[in-house]
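Asks: One structure follows; several queries about it will come next.
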Amino acid sequence: MADTSAKARIDDLRERLNFHNYRYHVLDSPLIGDSDYDSILVELRQLEAFNPDLVTPDSPTQRVGAPPSPEFNEVQHPQPMLSLGNAFGDEDLAVWHKRVSGLLEIDNFAMVCEPKIDGLAIALTYENGKLVRGATRGDGLRGEDVTANIRTIKAVPLALRPSKNIPPRIEVRGEVYMPRDAFAQLNEARAERGEQLMANPRNGAAGSLRQLDSNITAQRRLDIWVYALGWIEGGSTPDTHTEVMSWLRDLGFRVNPELRRVESLESVSDYHSEWGESRFHRNYQTDGVVIKIDRLDYQRHLGIVGREPRWAIAYKFPAEQAITKLLKIEVNVGRTGALNPYAVLDPIPVAGVTIQHATLHNEEDIRRKDIREGDYVIIERAGEVIPRVIGPVVDRRTSAQIPFQMPALCPFCETPVVHEEGEAAHRCINSRCPAQQYERIRHFVSKAGMDIDGLGEKLVSLLLEQRLIADFPDIYKLTVEKLIGMERMGEKSAANLMFAIEQSKQRGLSSVIAALGILHVGGETAALLARRFGSVPRLMDVTKGELQAILGIGPIVAQSIVEHYQNEGNRLIITELAEVGVTLQAAIIPESDTLQLFDGFRFVVTGRLQGFTRSEAEGFIKERGGQVTGSVSKKTSYVVVGEEPGAKADDARRLEIPTLTEQELRVLGQEH
């Protein structure tokens, strides 16, 4: 048993080390030299060695690493880690700003600019002020538990700084990166050992953080910038992103001092230009600037589309370019029948990745740029991610180059290709085209659709080749006996796949609608349709006018839905899906008279309610056809006010918007 004097000394040394870590890594303002810091750390290690029962996971001595792990455990993110939409110029940025202005119904709003760090997104979870988990972004929904490796990063606080406002549970998000000088040192050491060099600092950071032996991670100099609050339990947060970041800095997190609050697009553009010129002189790699709406209630109101928040965008720097030979222009066919040309290239490294294929968009784009087979072309990774062909190097052209012609017949089924006037895309109209079948089924089983785990691209292709499936309903007619014997498919794998297929039957109405692959209907529109009509059979017979009456659905989407179900083959698929047991209706089918109660009304809910949770109140409104928004505007019909309502109630009074108590909302929902 350790004596009290040893414990008091250990606590004092830990407090001093945490303080000096904060001064050095967060404030960039050290008060002591490395030798003084090391002497404190050595004393702490000695005391802990003599008192092992006093060693705790949040001690500064525990950053040195842990024994190798056999594998990383999967982590389910309580709140998805979203990806950002991209802007590649002032015009793209202006389009985003205009869209946000329209949704907020205001012209001016504050934004926050910060460098977009080219590293690895991380979620840090703290309980009672102590770090309990570090997880990678993964696919946004699921990541990997890399807590042991995260603990080796000195800028990550193992314990939050004392504060009156430390919540019981909190998740903070940031970008782990490898500084440029650390990356150079790492590659020099690898070169001396005859090992393959890392392609870029981002790869260096990712490779270091995903080491199974955290002792190796500890030997590599990783750092972090925290950029957002993920979620919080049992506490309150400030009202703006700027205030949140200041709060996180006070708790001990490393927040980039280059974060800047701005009021106009001109200021955003200036910030982007400044960073575009200075980014190569920084000790960390950036690939753009992130712009976020400052007010958090505006962020909640704007929400997300797909996996991208509407309230933020990444304004990318000009991409790295290279020149290579365009060997051939090939064409593939998407799930809606669109013919998509792409370039087959003489392989060349661009921004750390070897590029062999690049997008060419459509025939009109190819002709406008005058791109020909055999040309030397300029390649860039748009946003340093998606390879694309910028244009030809005309000075290197000879008479051997061949202008491109879109094929008259589908390259997969030889059906005549149709090009409707006014449309950029050429289409194969054969719904049984094998390329379309593959793409449609691949979409149907994907996470954006029915999310059938284990049914990936290769298996879909193999099932089609062996004629075990031809369309969506056939997936549900598979058996273990049919699957056994296929490549890499044993009895256990087959049984697991059949379980996943069976589970997907109850995936939910919006997932089914999104999975069907209706042109222009993605996840967000599918949710609107599910909420409004309650079943696929009901959706099949709606009119264009009924569809356009839904806020968020325009004439093009409405026409596409109507045309989809005018096709008898598509209607037959719905019948067959019902026969194999796929649920095609919501748990509660909305009745038309109930839906009309709040039809055309916009509500804002603020404050603490007694008989409703917030989500129950919003559900009560939506079930009756109303819309719930996150902020008060002149188009708001009612503001439902509970206890401690905050600024939204003030907005309602200022704009003279009627307010309702919880009881008045219930009465309105019954008697309107």
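Laboratory data are not the source of any read-out in this text; all were calculated from the coordinates shown. Bear in mind the structure is a predicted one, so any value in this text is a computation, not a measurement. Methodologically, a virtual Cβ is constructed for each residue, glycine included, from the backbone with ideal geometry; neighbour enumeration extends over all protein chains shown.
Asks: Using amide H atoms built in the peptide plane, which far-off residues or other-chain residues are under 5 Å from G85 H to H?
Replies: A314
Asks: Now a separate question. Say each of H357 and K482 gets a label point 7 Å from the Cα, pointing the same way as Cα to Cβ; how far apart are those two points in nm?
Replies: 2.8 nm
Asks: Then there is this: Determine ³J(HN,Hα), in whole Hz, for all residues of the stretch 120-136 in sequence, where each value follows from phi through the Karplus function 6.51 cos²θ - 1.76 cosθ + 1.60 and θ = phi - 60°; x replaces Gly and Pro.
Replies: Those phi angles translate into 10, 5, 9, 10, 10, 10, 10, 10, 6, x, 10, 5, 10, 7, x, 10, 6 Hz.
Asks: With a ≥ b ≥ c the root eigenvalues of the C-alpha gyration tensor of the stretch 180-301, is it rounded (a/c under 1.5), prolate (a/b larger than b/c) or oblate?
Replies: Oblate.
Asks: Let me ask another. Which of the lysines could a cross-linker bridge to K7, judged by Cα under 26 Å and excluding same-chain residues fewer than eight apart?
Replies: Once the sequence-local lysines are set aside, what remains near K7 is K130, K154, K164.
Asks: Rounded, prolate or oblate, given the Cα gyration tensor of the stretch 425-523, with a/c below 1.5 counting as rounded?
Replies: Judged from the Cα gyration tensor, the stretch 425-523 comes out oblate (a/c at least 1.5, b/c at or above a/b).
Asks: Nothing charged except the Cβ atoms of Lys and Arg (+1) and of Asp and Glu (-1): what's the magnitude of the dipole of the chain about its Cα centre? Round to the nearest 20 debye.
Replies: Computed about the Cα centre, the dipole is about 360 debye.
Asks: What are the ³J(HN,Hα) couplings of the stretch 288-301, residue after residue, when phi is run through the Karplus curve with 6.51, -1.76, 1.60 and θ = phi - 60°? Round to Hz, x for glycine and proline.
Replies: With coefficients 6.51, -1.76 and 1.60, one gets x, 10, 9, 10, 10, 5, 6, 6, 6, 5, 5, 4, 5, 5 Hz.
Asks: For a quick check: sort M178, M489, M111 by the number of other beta carbons within 10 angstrom, fewest at the front.
Replies: Fewest-to-most Cβ neighbours within 10 Å comes out as M489, M111, M178.
Asks: Straight-line reach from K634: which aspartates and glutamates have Cα under 14 Å away, leaving out those fewer than 8 places along the same chain?
Replies: Straight-line reach from K634, under 14 Å: E105, D107, D650, D651, E656.
Asks: Given a cut-off of 21 Å, name the pairs among K325/K458; K98/K544; K458/K492 whose C-alpha atoms lie farther apart than that in the structure shown.
Replies: K325/K458; K98/K544
Asks: Okay, next question. Give me Rg/Rg_expected for the chain, where Rg uses Cα atoms only and Rg_expected = 2.2 N^0.38 Å with N residues.
Replies: Rg over 2.2 N^0.38 Å, computed on Cα atoms: 1.09.
Asks: Here's another thing I want to ask about it. With a Förster radius of 35 Å, plug the Cβ-Cβ distance of S163 and H520 into 1/(1 + (r/R0)^6) and report the FRET value to the nearest 0.05.
Replies: It comes out at approximately 0.10.
Asks: 5 Å is the cut-off here: which amide hydrogens, built 1.01 Å from N in the peptide plane, fall below it relative to V389, excluding neighbours closer than 5 in sequence?
Replies: Sorted by chain and number, the residues that satisfy this are T359.
Asks: Here is a further query. Show me, for the stretch 422-432, the HN-Hα J-couplings you get by feeding each phi into the Karplus relation (A = 6.51, B = -1.76, C = 1.60, θ = phi - 60°), rounded to Hz, glycine and proline as x.
Replies: x, 9, 6, 7, 8, 9, 8, 9, 7, 5, 9
Asks: If we sort 490-501, 131-142 on the protection proxy, mean other Cβ atoms within 10 Å, highest first, what's the order?
Replies: Descending packing order for the listed peptides: 131-142, 490-501.
Asks: I'd like the isolated cysteines in the chain, meaning no second cysteine's beta-carbon lies under 4.7 angstrom from theirs.
Replies: Unpaired cysteines in the chain: C113.
Asks: Please compute one quarter of the surface area of the Cα convex hull for the stretch 321-408 and express it in square nanometres.
Replies: Projected over every direction and averaged, the Cα hull of the stretch 321-408 covers 6.0 nm².
Asks: Report Rg/Rh for the stretch 502-582, rounded to two decimals, where Rg is the Cα radius of gyration and Rh the Kirkwood radius.
Replies: 0.94
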